[in-house]
Amino acid sequence: MEPSAPLAIRVPAPRDVGATSTIIEIEDFNFSYGAKQALFDVNLKLDARRVTAFIGPSGCGKTTLLRCLNRMNDLIDGTVINGGRIRIHGVDINGPEVDAIELRKRVGMVFQKSNPFPKSIYENVIYGLRIQGVGSKSRLDEIVEKSLRGAALWDEVKDRLHESGVGLSGGQQQRLCIARAIAVQPEVILMDEPCSALDPIATAKVEELIHDLKKDYTIIIVTHSMQQAARVSDKTAFFYLGRLVEYDDTQTIFMNPANPQTEAYVSGRFG
Amino acid sequence: MSVPPPAKAPAFAIHRRRTRILGLSLDQCIQAFFGGHALTAVIVLTLITVFLFKEGIDFFGQNRENLRIYRQSGMEYVDVLRELERDHTSLTRYLYDIRLRALQHLTGPGGRSLPEANAALADLDALVERFGDAVVPIRGFVSDYGEVAVGIKTRFIENQDFAEAKRQYLAAGMVAEAEAITVAPIDFKAEVAAITGAFPEFEAGGRDLAREVASTVQQLPALPTPELQHRLERFQQLAREYAASIDGRLEQMRTWQWDRPVPATQAFTAFIFGRQWLTASFWQDWYGIVPLFVGSLMVSAIALSLAVPLGIGAAIYVNQFASRREQQLIKPTIEFISAIPSVVLGFFGIAVLGQALRALSQAEWLAWVPGFPFAERLNALTAGCLLALIAVPTIFTLAEDALNNVPRAFREASYALGASRLQTILRIIVPASLSGIISAVLLGLGRVIGETMVVLLCAGNRIAIPDFTQGLTAFVQPVHTMTGIIAQEMGEVVRGSIHYRALFVVGIVLFFVALLINFLAQKIVRRHRISIG
């Protein structure tokens, strides 16, 4: 790898500028953990089949917002939505008739630390289908291959599908988690710092994978690495202290930010 | 030019301090203090093991001697006849049972009066009487020659006592007193010949018995119901089998030899596979662990079958469902159970649970449960229910720990894939903590097997292998256990006697069972740690 100066931001490659459609609308969203408010009046429209990056210093609320998108925060005691709403395809996901389980089937998630189940690679990939009651062996085989190919892992593991998923390397584990997430064919994939525990080569592979996946999926990625945000995303949202500071095309955010705080952050002067 | 020695301590003081206690530095003292504690534990455990074996191992020699005298005194020979008589008695009991049922049927609602009913059963009574009379000659032999055999054994034991007294006098230097004791040696061959010499009588008696039994059951009286008739036919079959077995038994007596040596292994096998634990008997003492082992096993099986679902269920609830407040209430409550002294639990079992279970068993709507209704208040079920209470805290606490050790990330990943709470628990959390849960169950088993007070008070303490021919009914019969027998009998035995040593060997068996269980549990936990990573 060519050594680069730490602050040099590569200019994002020209993006596909086809027509975009909004899939997720976040309006005046407020969220707290108990008495501590984590998000203040966030307004954001996310495009379908694009990669959106959330950046910002630790504790700025980007992961919290991400976990609100598939209601993973429901699992934490004492969390409250105090104002605003999130719509996906126009449906309020916190509405009274929404089933969080159904929502999570449509909005998948990949976590910061790879967390394959202590099961075989095969069982890991089909877990989401097993719980939906899919039993047909031929269909499962087909989906395993498709998902692992989709996660660029097939060639590496096709001969040991029935060995434990925990035995893979860190990067392979993370791609296995991505395969597991896309096996249930969600529309949106949320990625919470998916590369923070990976070495540069594994990171490059996952980033390449993100490029390929956006053909079919809407991807929202939280990252601490500004280079990564610049490399993979089409749009970038910068958060600070629970507020959305700036949201624009990635190129604009990195080259010509409107807000001085954004500029300070992306150029590495704080954060 | 020489360097002058430093006049004062250097400012950079990094050399070792010289505090020493008994010639050891402070670090060494601390190390010795903790090392000593660890060493003490190891030494104590070793001493316990050595002591158990030292006290117990002589049992096998004594038991061999016990079996040898059993043979040489002719008791083994007479036992063939005793068994013949005993089998006859159990057949007679079967017959009485049929008569009782027939009488109950006849005098039932709208039936005949008692004299009429008795008259109707005259044929059956004749059969009972004739069958009963057939064994009288054999019973006479058992009584006469049994006494002879016991006489031989008694004299042998007296001789041993005399010899011991003589040895002690000699050891104390009291030669005159020692001389005064004369030990008349026993000529086993001649003595036993007095019993075996009567073989022609036994043979004739046995043949008569076989013939008489066979002819008695040739013609069966008619009974009022097909069910009773069927039972009588079953009796006929059993009686014929009995009659047919007599030849084999006579053959066994013919070929019996008083001086056939008892192999050393028999002292061991007679203990491990012995189906009788019979002590302080007028006849022969048997030390067979099977009834006690089976008792312990049954009580533990009942306890675990209750405690495993309760303990694991509670652990899953507390770990996965309960709010913080509920957790704060449930965990200490369950853990408190283990603080109840087991004697109090046993007392509760006698006073409350035994009564309650018996009353419950007599409820009409529970009549379908196998073994219900039962009459014994104290039985394997009562003890098992209480032992379950003792095992629940162990299983609960360890299973909860195991569930807690499942990384939170597994749970989140499962939810993120659209799994419900139940699916997450059953497919991810329980499998991931399975080895921890299994070792929790094993340690619960270890706790239950070793528990003494509750089984001593509540298991009914009947030393017999429960009758498994009736299926699950065996579980409401009284049993005795390995721990119970030690607690009950250790206080009464003569130190150094075979009975005393037999109890130690039971202790050794318990020790090994506990060792095995703990070993397995630890092995499983170790594997579990590796798999979770």
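Rundown of residues vs (1) in contact with a strand residue (DSSP E or B) (Cβ under 7 Å, 6 or more places away or on another chain); (2) of a type in the set (G, A, S); (3) within 30 Å of B:A440 (Cα to Cα), yes/no style:
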| site | (1), (2), (3) |
| --- | --- |
| B:A270 | no, yes, no |
| B:L292 | yes, no, yes |
| B:V299 | yes, no, yes |
| B:A303 | no, yes, yes |
| B:L306 | no, no, yes |
| B:L310 | no, no, yes |
| B:A315 | no, yes, yes |
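Screening the stretch B:391-417 for residues that are outside any helix (DSSP H, G or I) and more than 8 Å from chain A (Cβ to nearest Cβ) and picking the one that is surrounded by the most Cβ atoms within 10 Å (Cβ to Cβ) gives B:V406. Can you tell me which residue within the stretch A:160-193, out of those that are modelled with pLDDT under 90 and among the small types (G, A, S), is surrounded by the most Cβ atoms within 10 Å (Cβ to Cβ)? Among residues in the stretch A:160-193 that are modelled with pLDDT under 90 and among the small types (G, A, S), the one surrounded by the most Cβ atoms within 10 Å (Cβ to Cβ) is A:G165. In the stretch B:504-533, the residues that are within 14 Å of another protein chain (Cβ to nearest Cβ) reach residues that are outside any helix (DSSP H, G or I) and at pLDDT below 90 with C-beta atoms within less than 6 angstrom, at least six apart or across chains, in these pairs: B:S531/A:P118.
The set of residues from the stretch A:60-76 being of a type outside the set (S, T, N, Q) and in contact with a helix residue (DSSP H, G or I) (Cβ under 7 Å, 6 or more places away or on another chain) comprises A:R67, A:R71, A:M72, A:D74, A:L75. Taking A:L213 as the residue in question, decide whether it is more than 14 Å from every other protein chain (Cβ to nearest Cβ), touching a residue at least 60 places away in the same chain (Cβ under 8 Å), within 25 Å of B:A419 (Cα to Cα) and hydrophobic (A, V, I, L, M, F, W, C). Answer is yes for this residue. Of all residues in the stretch A:98-133, those satisfying the criterion of being more than 11 Å from every other protein chain (Cβ to nearest Cβ) and more than 21 Å from A:F31 (Cβ to Cβ) are A:S120, A:I121, A:Y122. Beta carbons closer than 6 Å, at least 6 apart along the sequence or on distinct chains, pair a first residue in the stretch A:235-248 that is closer than 15 Å to A:D28 by Cβ with a second that is β-branched (V, I, T) for A:L244/A:V42. What about A:S196, is it crowded, with 16+ Cβ neighbours inside 10 Å, out of contact with any Leu (no Cβ under 7 Å at 6 or more places or on another chain), in contact (Cβ under 8 Å) with a residue 40 or more places away in the chain and in a loop (DSSP other than H, G, I, E, B)? It is false that A:S196 is crowded, with 16+ Cβ neighbours inside 10 Å, out of contact with any Leu (no Cβ under 7 Å at 6 or more places or on another chain), in contact (Cβ under 8 Å) with a residue 40 or more places away in the chain and in a loop (DSSP other than H, G, I, E, B). Applying the criterion of being crowded, with 17+ Cβ neighbours inside 10 Å and of a type in the set (K, R) to the residues of the stretch A:222-271, the residue that is nearest to A:S32 (Cα to Cα) is A:K235.
Look at (1) buried (at least 18 other Cβ atoms within 10 Å of the Cβ); (2) out of contact with any Asp or Glu (no Cβ under 9 Å at 6 or more places or on another chain); (3) of a type outside the set (D, E, K, R) and you find that B:Q284 fails only one, number (2).
Looking across the stretch B:418-463, just one residue is at the interface with another protein chain (Cβ under 8 Å from one of its Cβ atoms) and in contact (Cβ under 8 Å) with a residue 60 or more places away in the chain, and that is B:A432. The set of residues in the stretch B:235-265 being among the acidic types (D, E) and either touching a residue at least 12 places away in the same chain (Cβ under 8 Å) or closer than 14 Å to B:Y77 by Cβ (or both) consists of B:D247, B:E251, B:D259.
The values are calculated or read from the model by the stated rules, or taken from the named source; none is laboratory data. The structure presented is a predicted model; accordingly, all values stated were derived computationally and were not measured. Cβ coordinates were reconstructed from backbone atoms using ideal geometry, including for glycine residues, and neighbour counts include every protein chain displayed.
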